[in-house]
Amino acid sequence: MRNKLLRFIREHEMLQPGDTCICAVSGGADSMALLWALWGLKEKLKIQVEAAHFNHHLRGEESQRDEEFVVAFCKNHGIVCHVGGAEVKAGQKGLEAAARTARYGFLQSLSGKIATAHTADDNAETMLMHLVRGTGLKGLGGIAPVRENIIRPMLSVTRQEVLAFLEAEGISYVSDSSND
């Protein structure tokens, strides 16, 4: 998976030597794979890798567990970890949109390129949702690999590859009940 990630990063010119790459890490499988893969590529890419976790406080003790998991993982591996949080309430466009706005607001307050763990499976799902809702050619393009300072290095990686990578590397992750 690391080699696939490296090729995709280089193909889309996502990171340059000297960049700081901040991985948005929820503690779930995809974001833990992204963090660990980039951590393993930092020397080859000549970049700094940091983590950022945003606690939406939507799932009570489970939200706190996720934060503590990410913070402990980063501490154990010497990875700088930025933590933010807010009591997110549903807005006009719903709870998920409000959570996304709060999370990206926090991420944009940090200095560096922001890496999110969207995978090929997420991209296919997004394209199908756009098709069902009715979209033009832009919507059929799916998730952009690069948008301003946000990069999505895992768009060429499937969920199966993520899980195989985590198992091979012995990296644990948490499961979010709201994803079920």
message: Keeping all protein chains in the complex and leaving out DNA, RNA and ligands, what accessible area do you get for V80 with a 1.4 Å probe, in Å² to the nearest 10?
response: 80 Å²
- line: If one builds a Gaussian network model of the chain from Cα atoms under 10 Å apart, the most fluctuating residue listed among A168, A37, A98 is A168
statement: Rounded to whole Å², per residue accessible area for the chain with a 1.4 Å probe reads 55 Å²
statement: Computed on Cα atoms, the radius of gyration and Dmax of the chain in angstrom are 16.0, 46
- request: Heavy atoms only, probe 1.4 Å: what % of the accessible area of the chain goes to carbon and sulfur, would you let me know?
  value: 50 percent
Rounded accessible area of R65 (nearest 10 Å², 1.4 Å probe): 90 Å²
task: Determine the percent antiparallel among the DSSP beta bridges restricted to the chain, to the nearest 5.
output: 15 percent
query: Among the listed pairs K89/K113; K4/K89; K4/K113; K4/K93; K46/K89, which are separated by more than 31 Å between their Cα atoms?
result: K4/K89; K4/K93; K46/K89
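The values are calculated or read from the model by the stated rules, or taken from the named source; none is laboratory data. Note that the structure is predicted; figures quoted are calculated from it, not measured. For accessibility, only protein heavy atoms count, side chains too; no ligands or nucleic acids. Shrake-Rupley method; radii C 1.70, N 1.55, O 1.52, S 1.80 Å.
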